[in-house]
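Heads up, the thing below is written out as structure tokens.
The values are calculated or read from the model by the stated rules, or taken from the named source; none is laboratory data. Because the structure is predicted, anything quoted here is derived from the model rather than measured. Every residue, glycine among them, receives a Cβ derived from its backbone with ideal geometry; neighbour counts consider all protein chains shown.
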Amino acid sequence: MTLNRSALSKYRRGVPTILLIHGPNLNLLGEREPEIYGTATLDDYVRTVSTVATSAGFEVEHLQTNHEGVIVDAIHAARGRVQAIIINAGAFTHYAWSIHDALATFTGPIIEVHISDPLTREPWRHLSVIAPVASQTIAGLGPLGYEQAVAAIVRQIG
């Protein structure tokens, strides 16, 4: 797991931080099923969040992993250190109760984001184990959903 350490030092100086988490296969954005996910890459999404967050006075740390336990560890490490989490858990959204439980211990805003709308896709994608612990879920808006996630955090914690 690699987190942006400059963000950690800025937090210590009072700059609020958002942890942006991407789950499995999202490293393949831009290549994987462009008819569903579009052609934007993961770097494009991270850049979008960073640009919007920076203009609102926030720093962004980003993590992408294909491993559930790494996400759980990152959420635990975020407690008391970052002010908000934006998470696109990928397929973990539908069954990773360990991520649900870790998020339940985080006291700041949690925004669940999906590039496509899971409710319009296969039935197994209709359940989100993240939604019960999220402040808000934004789905089906592509990059705009990420911009709205940052805006929601700004509204919730200023």
If the requirement is being more than 15 Å from the chain's Cα centre (by Cα) and under 22 Å from GLY142 (Cβ atoms), which of these qualifies: SER55, SER50, SER98, SER116? SER55
For THR17, are the conditions met, namely being under 20 Å from ALA152 (Cβ atoms) and within 14 Å of the chain's Cα centre (by Cα)? yes
Reported set for the range 33-69 where residues are in contact (Cβ under 8 Å) with a residue 40 or more places away in the chain, within 22 Å of VAL154 (Cβ to Cβ) and assigned to a helix (DSSP H, G or I) is ASP44, TYR45, THR48, VAL49, VAL52, ALA53
Quick one: in the range 138-150, of everything that is crowded, with 20+ Cβ neighbours inside 10 Å and touching a helix residue (DSSP H, G or I) at 6+ places or on another chain (Cβ under 6 Å), which residue is nearest to LEU29 (Cα to Cα)? TYR146
Name the single residue, out of those in the range 102-137 being among the acidic types (Asp, Glu) and in contact with a strand residue (DSSP E or B) (Cβ under 6 Å, 6 or more places away or on another chain), that is surrounded by the most Cβ atoms within 10 Å (Cβ to Cβ). GLU112
Suppose we filter the range 146-158 for residues that are in a loop (DSSP other than H, G, I, E, B) and aliphatic (A, V, I, L, M); how many remain? 0
What number of residues within the range 1-28 satisfy the criterion of being assigned to a loop (DSSP other than H, G, I, E, B) and at pLDDT below 95? 7
Single match in ILE157, ILE153 (criterion: touching a residue at least 40 places away in the same chain (Cβ under 8 Å), crowded, with 17+ Cβ neighbours inside 10 Å, closer than 21 Å to ALA74 by Cβ and touching a Pro at 6+ places or on another chain (Cβ under 7 Å)): ILE153
Residues being at pLDDT below 95 and either at positive phi or among the aliphatic types (A, V, I, L, M) (or both) - total across the range 116-139: 2
